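Q: Provided herewith is a single structure, encoded as structure tokens, for subsequent inquiry.
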Amino acid sequence: MDDKHPDCLNTRLFFLLTFSLSWAAWALAVLLGTKYNALPAQILHYAGGLGPLVATLALLYRRHTPDFRREFWRRAIDFKRIGIKWYGVILLTVPALTAMGALVDKLLGGEGLQMEAAGRFIQEPWAFVPFAAFILVFGPIPEELAWRGYALDGLQIKWKALTASIVLGLAWTVWHLPLFFIEGSYQHGLGLGTSQFWLYMLDKVPQSILMTWLYNNNRRSTLSAILFHFMVNLVGELFDLTLRAETFYILLWIVAAIGVTIVWGPERLARDRREA
């Protein structure tokens, strides 16, 4: 068994387990017809969100060596793997793209950035820490320990970094689909097949490319992906964008992903990963 990267079989098992666990929980929520704000629906919603992590842990402790497990957890907590300049990229990319999308909308006569949620924390700053902690724990940590922390390495054994990023981004996108059928969920509120639906579905692949870029250039740091995912979710919760601003925001994600691919290149990314 490889002590550094999951092999192809374990990677396939990861996706099989992840989708089975998550979709089973979410399908049950849909079949029961429960409201999202009811306790059973909340439990099923969060249980489904833990599917990738449960799949990862099952494989980690059943099919890998102690050395593999130690390295897995080290990559998730070792902040020294991330260079100072990369912390800047992690912390500033999402706010910058959000601001640019809002600015273009404003210049075209739109409302630009809406700060109602952020304004609440100016009035109640003590509420920000538990709010941010909730966002970190329910999303970035359980998902990125799995998507980037486990699955990405296995995909990069088979494909170059760009292809692996696209495959993982598409899987990540499709994984969210059942949430659109759970009444009361954020995704259900966007509506199936609406403009908001397509914008939501379009941003996962470019985000996946940028997270691979961060991961590979910081010695396979899972923490870099966790923090980046956290910034995506946090900024999205704090600042609302109009539909037009959101469209520009997603287009900027695509431009950023293309730029990273052109400047760094698939071979460079793959070589960085192998040398980590």
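Q: Looking at (1) closer than 26 Å to Phe15 by Cβ; (2) in contact with a helix residue (DSSP H, G or I) (Cβ under 9 Å, 6 or more places away or on another chain), which one does Glu71 not meet, given that it meets all the others?
A: (2)
Q: For the stretch 175-234, enumerate the residues that are modelled with pLDDT under 95 and small (Gly, Ala, Ser).
A: Selection gives Gly184, Ser185, Gly189, Gly191, Gly193, Ser195.
Yes/no matrix, rows are residues, columns are (1) of a type in the set (S, T, N, Q); (2) crowded, with 16+ Cβ neighbours inside 10 Å; (3) not in a helix (DSSP H, G or I):
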{"position": "Thr98", "(1), (2), (3)": "yes, yes, no"}
{"position": "Ile122", "(1), (2), (3)": "no, no, no"}
{"position": "Val129", "(1), (2), (3)": "no, no, no"}
{"position": "Ile141", "(1), (2), (3)": "no, yes, no"}
{"position": "Ala151", "(1), (2), (3)": "no, yes, no"}
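Q: Taking the stated definitions as given, is Ala55 open to solvent by less than 50 Å² (accessible area, probe 1.4 Å), farther than 27 Å from Ile250 by Cα and of a type outside the set (Phe, Trp, Tyr)? Please lay out each step first, then the result.
A: On the way: open to solvent by less than 50 Å² (accessible area, probe 1.4 Å): yes; farther than 27 Å from Ile250 by Cα: yes; of a type outside the set (Phe, Trp, Tyr): yes.
Yes: the conditions hold for Ala55.
The values are calculated or read from the model by the stated rules, or taken from the named source; none is laboratory data. These numbers come from a predicted model, not from an experiment. As a convention, Cβ positions derive from the backbone with ideal geometry for all residues, glycine included, and neighbour counts pool all protein chains shown. Keep in mind that these areas ignore ligands, DNA and RNA; they rest on the heavy atoms of the full protein, side chains included. Shrake-Rupley method; radii C 1.70, N 1.55, O 1.52, S 1.80 Å.
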